[in-house]
Structure formats: C-alpha cells, structure tokens
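Asks: Have a look at this one.
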Amino acid sequence: MDSLTTLGPVFLLKSRHQPKDYDRRITTEMWLYPDGSRILEISTKCLPAEAFQAAQEFKAYLTTCGIALTGLQEPKTGTALQYFKAHPGE
C-alpha cells in the first residue's frame, strides 16, 4: 500500500436523464482534466440480447439530437492514467 500514488483530480460532471422522445435512460459524463482537455461520454443500458438493436436505436437518437458520432473514441480511465503519467504531481 505504501507504494501507491494518488492521481488526480479529474473533475467529473455526471447526469442521468430520461428523454421524452427516447425510451431508455441516458447517462452523460464529462471528464475535465487539469489542462482543460475533456472527454464526453453519452451512454445507455440494455439487456445483452438487445445490444445490437439498442445500439442502432441510440445512434439514430443521438443523430436526431445533432450529436456527431464520428469523434475520436477514447476510454476515460485509460486516458486519465496516461494524462497523470505524463503530468505527475498535477
């Protein structure tokens, strides 16, 4: 335990929402890093058997909201670990 290092902070904004025009709850997370960079994640949940259908419906819904689906996909935790490895002590 003595060799563990504290990383962070990463400021996180998280919201859950049930849109009136979409039948699943949506979770939105904005990860804000000390250098001003950020990652936005918009997600929903479904049963495993519904995964492909739910993914297509969710992509269609996000498109109707004007959200581009072509942005760079980055894992939040991996990005945070890489950031703090490159910026120790922040």
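Asks: Can you tell me, using C-alpha contacts under 8 Å and at least 6 residues apart, the relative contact order of segment 10-90 as a whole percent?
Replies: Once divided by the residue count of segment 10-90, the mean separation gives 20 percent.
Asks: Still on this structure, I have one more. In a shell of Cβ-Cβ distance under 13 Å around LEU40, excluding LEU40 itself, what net charge do Lys and Arg (+1) and Asp and Glu (-1) give?
Replies: Here the count lands on 0.
Asks: Relative to the longest principal Cα axis of the chain, at what angle does helix 51-64 sit, 0 to 90 degrees, rounded to 10?
Replies: That helix lies at roughly 90 degrees to the long axis.
Asks: OK, next. State to the nearest 20 debye the size of the charge dipole of the chain about its Cα centre, where the only charges are +1 on K and R beta carbons and -1 on D and E beta carbons.
Replies: Computed about the Cα centre, the dipole is about 220 debye.
Asks: Under a Cβ-Cβ cut-off of 12 Å, what is the net charge of the residues other than THR77 that fall near it, where Lys and Arg count +1 and Asp and Glu count -1?
Replies: -2
Asks: Can you give the calculated 222 nm mean residue ellipticity of the chain, where each DSSP H run of n ≥ 4 adds -39,500 (n - 2.57) and the sum is split over every residue, rounded to the nearest 500 deg cm²/dmol?
Replies: Only helices count here, giving -8500 deg cm²/dmol.
Asks: So how tilted is helix 76-86 from the main axis of the chain? Cα-based, degrees 0 to 90, rounded to 10.
Replies: In the chain, helix 76-86 runs at an angle near 20 degrees to the longest axis.
Asks: Rg/Rh for the chain: what does it come to with C-alpha atoms and Rh from Kirkwood?
Replies: Answer for the chain: 1.07.
Asks: Continuing with this model, one more query. Which of LEU32, LEU69, LEU47 ends up with the largest GNM mean-square fluctuation for the chain, with Cα atoms connected below 10 Å?
Replies: In this elastic network of the chain, the residue with the biggest mean-square fluctuation among LEU32, LEU69, LEU47 is LEU47.
Read-outs: derived from the displayed coordinates by stated rules, not from any lab. Just so you know, these numbers come straight off a predicted model, no measurement behind them. All Cβ positions, glycine included, derive from the backbone under ideal geometry; neighbour counts span all protein chains shown.
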